[in-house]
Amino acid sequence: MNETYHINESGYYGAFGGAFIPEMLYANVERLRSQYLEIIAKESFQEQFTELLIDYVGRPSPLYLAHKLSKKYGAKIYLKREDLNHTGAHKINNTIGQILLAKELGKKRIIAETGAGQHGVATATVCALMGIECIVYMGSVDIERQAPNVSRMKMLGAEVRPAESGSKTLKDATNEAIRDWINNPVDTHYIIGSVVGPHPYPDMVALFQSVISEEMKWQLQEKEGRDYPDYILACVGGGSNAAGSFYHYLDELRTKLYLAEAAGKGIDSGHSAATSILGSEGIIHGSRTMLMQTPDGQIIEPYSISAGLDYPGIGPMHANLIKQGRAKVIPVTDIEAIDAAFDLTREEGIIPALETAHAFHMLNKIDFRKEDIVVVNVSGRGDKDLSTYIKYLNRPHNVSDE
Amino acid sequence: MNRIEALFTRKKKNILNIYFTAGFPELDAAVSVVTYLDQAGADIVELGIPYSDPLADGPTIQESGTLALKNGMTIDLLFQQVKKIRSQSEIPIVLMGYFNQMLQYGVEDFLDQAASNGADALIMPDLPMDVYKSDYQSMFEERSLGISFLVTPQTSDERIKRAAELSKNSFLYIISKSSITGSASNISQVQIDYFNKLEKLKADTPSLIGFGIHNKETFLTASAHANGAIIGSAFIRHLSKYGFEQDSISSFIDGILK
Ligand SMILES: Cc1ncc(COP(=O)(O)O)c(C=O)c1O
């Protein structure tokens with residue numbers, strides 16, 4: 001059997017995925033489903049996409065050998081620098097792709113949800129670039145804790161609409177965006193920011209993010225003489241930066257895949273977003289996947305210090321990778337992430353996003369061999385999180401090394 | 001034959017279906033509210049199973065669901081309430097929830113409980129037709145449970161036919177326009193053309209028009225283009241404002257029917 005961890009023709013990764021959507025969304029989602037591969041494969045689309053990624057986003061993003069971290073952790077540790085992209089995170093790879101797609105589909109209005117604000121900023125940016133109206137839904141809790149990104153979106157000309165229902169975070173912003181799409185089915189395209197939602201979104205977003213692992217292949221070939229690493233480490237909210245950095249290695253079994261999940265104040269604290277550990281199979285935002293829920297199927301409000309990981313579900317690709325044992329998950333608490341952020345900053349002079357910091361904590365948790373090649377995906381930079389980091393400036397650091 | 005099928009063989013016009021959320025405004029309110037609705041002349045009741053993330057619903061229904069969950073509403077309680085209602089009323093009852101709720105409960109158990117306690121049909125707006133057909137249709141039919149699928153102005157002719165066929169033991173749920181529940185405006189010519197098209201495509205399946213129906217005028221216009229109509233958010237707003245005593249409920253229904 002030709003085993004693969006990619007999506008199948010029915011829109012599933014193993015048992016996960018599909019499109020569990022109300023009829024009001026069907027026509028739009030179906031149009032996307034039937035056209036996305038064809039549109040993306042067009043030469044003119046590829047030309048524009050590649051040109052924008054190079055000249056506007058600043059790709060390829062460097063693959064940097066972190067000497068001090070390598071020494072500290074006893075392996076060759078490379079950093080894939082998505083933090084250096086225009087707007088400061090991997091999110092823009094996807095929004096460039098989707099805005100071009102929206103134009104092909106003749107859409108005149110863009111909506112998006114955002115947690116940390118990185119996807120909102122990336123969407124507002126491409127809308128400014130293309131001169132398209134942009135509305136970003138953001139939980140009112142996140143609006144408060146990610147203020148710099150709210151200002152950026154506004155300066156870019158987007159309207160930021162607060163989501164006031166539920167936990168007032170990413171899941172609720174997603175609900176509001178979906179409702180907007182139901183109310184505006186004809187002129188509007190919904191740019192989802194992660195590998196979540198109904199098919200074809202998880203696959204489409206993964207495809208746009210797959211440029212990360214595409215570059216890793218030739219960058220590793222150049223630097224190491226082989227095109228695959230032994231480990232890839234990424235944080236997972238919905239899972240788009242992880243999906244992008246895993247994509248071309250999904251079926252390369254020599255590469256071990258590790259996901260850092262936000263454990264918040266601790267797995268058993270009742271304040272966590274560790275979906276793969278606390279969750280069970282069900283449906284969230286139109287996708288059959290793992291999610292945190294009560295026995296009655298009510299979705300549980302998650303918690304993480306990091307707004308971008310504060311989501312009660314996980315993309316269906318990852319649910320399958322985890323269930324099949326292809327990817328391993330390590331839960332990382334708020335404080336472990338903070339320590340990892342200071343560690344990276346002091347060792348390498350790179351201030352990561354809080355989301356990304358979760359991935360770095362995993363370096364403490366894996367027993368590497370000296371010759372192992374490890375890639376940590378630096379999904380974003382920490383400018384937006386400075387007000388959080390500042391609170392921990394006087395904490396004794398380096399507690400994370402044993 | 002379930003109670004919905006029996007109703008439509010007996011009555012074909014001006015069918016009034018009232019939606020509200022179980023557990024709202026008080027935990028056990030559904031038992032008396034449904035009985036009063038029956039006495040006041042409503043034809044069908046749709047009991048919403050409150051959900052944390054009701055994607056297809058607007059703010060009025062979501063807020064009522066949030067309150068119901070705060071009141072302690074659960075799926076087991078809902079089945080108990082349906083059973084109690086059945087000792088007082090034979091009004092057709094449709095349970096409306098989201099597919100995840102049924103999945104977590106266990107689909108067979110859920111259907112067993114629904115059927116044995118006296119529900120007649122289900123509405124699961126996010127359960128796709130093909131998944132229903134391949135995995136669940138026979139389970140529904142074994143228990144004489146109907147299901148209502150939704151159609152919108154964007155639904156293709158071919159899908160309308162399928163939805164109508166699969167909904168034949170209940171009714172086809174016609175969404176009056178592109179919107180979530182709860183928006184109130186009048187019915188336009190474009191909508192009327194759409195209703196007329198549906199009338200032809202749906203064959204023998206009864207149909208009710210929902211979303212945005214909020215008063216006598218919109219009820220009558222909608223009823224002229226289908227077997228009747230569904231009122232949800234407007235009734236929930238009424239319950240919030242005027243309470244769930246019998247007087248309040250009969251005055252709401254009188255306002256629509258008289
Ligand atoms: C920098 C950064 N990393 C990671 C994430 C998490 O998203 P995903 O799991 O889709 O990569 C976010 C989300 O906002 C983010 O801003």
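The values are calculated or read from the model by the stated rules, or taken from the named source; none is laboratory data. Because the structure is a prediction, the values reported are computed rather than measured. Ideal geometry is used to build each Cβ from the backbone, glycine not excepted, and the neighbour counts take in all protein chains shown. Surface accessibility is based on the protein's heavy atoms, side chains included, excluding ligands, DNA and RNA. Shrake-Rupley method; radii C 1.70, N 1.55, O 1.52, S 1.80 Å.
If we only count helices (runs of 4 or more DSSP H) wholly inside region A:1-100, which ones have 1 or more residues that are touching a His at 6+ places or on another chain (Cβ under 9 Å)?
Ranges flagged: A:23-41.
Test each condition in (1) more than 15 Å from the ligand (Cβ to nearest atom); (2) away from chain B (no Cβ under 14 Å) for A:Asn241 and report the one that comes out false.
(1)
Limited to region A:345-372, what total is found for residues that are in contact with a Phe, Trp or Tyr (Cβ under 7 Å, 6 or more places away or on another chain) and open to solvent by less than 10 Å² (accessible area, probe 1.4 Å)?
The number of residues fulfilling the criteria is 4.
Considering only region B:18-66, how many residues are among the hydrophobic types (A, V, I, L, M, F, W, C) and within 14 Å of chain A (Cβ to nearest Cβ)?
Residues meeting the conditions: 5.
Taking helices (runs of 4 or more DSSP H) that do not extend beyond region A:309-402, which have at least 2 residues that are in contact (Cβ under 8 Å) with a residue 12 or more places away in the chain and among the polar types (S, T, N, Q)?
On the way: elements: A:316-323, A:334-348, A:354-361, A:386-390.
In region A:309-402, the matching helices (runs of 4 or more DSSP H) lie at A:386-390.
Sort through A:Ala19, A:Ala15, A:Ala89 and tell me the only one that's within 14 Å of another protein chain (Cβ to nearest Cβ), in contact with an Asp or Glu (Cβ under 8 Å, 6 or more places away or on another chain) and either open to solvent by 10 Å² or more (accessible area, probe 1.4 Å) or within 16 Å of the ligand (Cβ to nearest atom) (or both).
Going through A:Ala19, A:Ala15, A:Ala89 in turn, just one is within 14 Å of another protein chain (Cβ to nearest Cβ), in contact with an Asp or Glu (Cβ under 8 Å, 6 or more places away or on another chain) and either open to solvent by 10 Å² or more (accessible area, probe 1.4 Å) or within 16 Å of the ligand (Cβ to nearest atom) (or both): A:Ala15.
Quick one: A:Ile110 ticks every box in (1) within 14 Å of chain B (Cβ to nearest Cβ); (2) out of contact with any Pro (no Cβ under 9 Å at 6 or more places or on another chain); (3) away from the ligand (no atom under 12 Å from the Cβ); (4) not in a helix (DSSP H, G or I) except a single one, so which number is it?
Answer for A:Ile110: the failing condition is (1).
When A:Glu104 is evaluated against the numbered criteria (1) away from the ligand (no atom under 16 Å from the Cβ); (2) in contact with a Ser or Thr (Cβ under 7 Å, 6 or more places away or on another chain), which criterion, by number, is the only one it fails?
Among (1) away from the ligand (no atom under 16 Å from the Cβ); (2) in contact with a Ser or Thr (Cβ under 7 Å, 6 or more places away or on another chain), the lone unmet condition for A:Glu104 is (2).
Across region B:7-30, what is the total count of residues that are open to solvent by 20 Å² or more (accessible area, probe 1.4 Å) and in contact (Cβ under 8 Å) with a residue 12 or more places away in the chain?
8
Might you let me know whether region A:31-51 holds any residue that is touching a residue at least 40 places away in the same chain (Cβ under 8 Å), within 14 Å of another protein chain (Cβ to nearest Cβ), over 24 Å from the mean Cα position of the chain (by Cα) and farther than 30 Å from A:Met362 by Cα?
Yes, because at least one residue in region A:31-51 is touching a residue at least 40 places away in the same chain (Cβ under 8 Å), within 14 Å of another protein chain (Cβ to nearest Cβ), over 24 Å from the mean Cα position of the chain (by Cα) and farther than 30 Å from A:Met362 by Cα.
Per-residue answers, yes or no, for (1) within 15 Å of the ligand (Cβ to nearest atom); (2) over 18 Å from A:Asp385 (Cβ atoms); (3) surrounded by 24 or more Cβ atoms within 10 Å (Cβ to Cβ):
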position	(1), (2), (3)
A:Leu79	yes, no, yes
A:Glu133	no, yes, no
A:Asp142	yes, no, yes
A:Arg145	yes, no, no
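This table checks each residue for (1) in the same structural domain as A:Glu261 (by TED's automatic domain parsing); (2) within 23 Å of A:Ala75 (Cβ to Cβ); (3) under 22 Å from the mean Cα position of the chain (by Cα).
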position: A:Leu363; (1), (2), (3): yes, yes, yes
position: A:Asp367; (1), (2), (3): yes, yes, no
position: A:Lys370; (1), (2), (3): yes, yes, no
position: A:Asn377; (1), (2), (3): yes, yes, yes
position: A:Arg381; (1), (2), (3): yes, no, yes
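Could you grab me the full set of residues in region A:244-295 that are within 14 Å of the ligand (Cβ to nearest atom), assigned to a strand (DSSP E or B) and surrounded by fewer than 24 Cβ atoms within 10 Å (Cβ to Cβ)?
Residues satisfying the conditions are A:Leu257, A:Tyr258.
Can you find a residue in region A:303-324 that is away from chain B (no Cβ under 14 Å) and away from the ligand (no atom under 16 Å from the Cβ)?
Among the residues of region A:303-324, at least one is away from chain B (no Cβ under 14 Å) and away from the ligand (no atom under 16 Å from the Cβ), which makes the answer yes.
Residues checked against (1) more than 15 Å from B:Tyr36 (Cα to Cα); (2) surrounded by fewer than 18 Cβ atoms within 10 Å (Cβ to Cβ); (3) modelled with pLDDT under 95:
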{"position": "B:Phe211", "(1), (2), (3)": "yes, no, yes"}
{"position": "B:His214", "(1), (2), (3)": "yes, no, yes"}
{"position": "B:Ser223", "(1), (2), (3)": "yes, no, yes"}
{"position": "B:Ile231", "(1), (2), (3)": "yes, no, no"}
{"position": "B:Arg237", "(1), (2), (3)": "yes, yes, no"}
{"position": "B:Lys241", "(1), (2), (3)": "yes, yes, no"}
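Suppose the filter is over 16 Å from the mean Cα position of the chain (by Cα) and within 16 Å of the ligand (Cβ to nearest atom); does A:Tyr190 pass it?
Here the answer is yes, as A:Tyr190 does meet what is asked.
Exactly one condition in (1) assigned to a loop (DSSP other than H, G, I, E, B); (2) within 14 Å of another protein chain (Cβ to nearest Cβ); (3) farther than 18 Å from B:Gly48 by Cα is false for B:Lys168; which is it?
(2)
Of the conditions (1) open to solvent by 10 Å² or more (accessible area, probe 1.4 Å); (2) assigned to a helix (DSSP H, G or I); (3) within 27 Å of A:Ile284 (Cβ to Cβ), B:Gln154 clears all except one; give me its number.
Exception for B:Gln154: condition (2).
Search region B:71-129 for residues being away from every other protein chain (no Cβ under 12 Å), hydrophobic (A, V, I, L, M, F, W, C) and outside any helix (DSSP H, G or I), and hand back the single one that is surrounded by the fewest Cβ atoms within 10 Å (Cβ to Cβ).
Ranking the qualifying residues of region B:71-129, first place goes to B:Ile91.
When A:Pro162 is evaluated against the numbered criteria (1) open to solvent by 10 Å² or more (accessible area, probe 1.4 Å); (2) in contact with a helix residue (DSSP H, G or I) (Cβ under 6 Å, 6 or more places away or on another chain); (3) away from every other protein chain (no Cβ under 14 Å), which criterion, by number, is the only one it fails?
(3)
Can you give me the number of residues within region B:84-107 that are of a type in the set (D, E, K, R), closer than 18 Å to B:Asp43 by Cα and free of Cβ contacts under 8 Å to residues at least 60 places away in the same chain?
At the first step, the residues of region B:84-107 found to be of a type in the set (D, E, K, R) are B:84, B:86, B:90.
Restricting the remaining residues to those that are closer than 18 Å to B:Asp43 by Cα gives B:86, B:90.
Subset that is free of Cβ contacts under 8 Å to residues at least 60 places away in the same chain: B:86.
Count: 1.
Under 6 Å by Cβ, and 6 or more places apart or on different chains, what pairs join a residue from region A:238-256 that is at positive phi and in the same structural domain as A:Arg326 (by TED's automatic domain parsing) with one that is within 9 Å of the ligand (Cβ to nearest atom) and acidic (Asp, Glu)?
Qualifying pairs under 6 Å: none.
Taking region A:264-287 as the region of interest, how many residues are among the charged types (D, E, K, R) and over 23 Å from B:Pro128 (Cα atoms)?
Looking only at region A:264-287, we keep the residues that are among the charged types (D, E, K, R), and these are A:265, A:268, A:281.
Among the residues that remain, those that are also over 23 Å from B:Pro128 (Cα atoms) are: A:265, A:268.
The number of residues fulfilling the criteria is 2.
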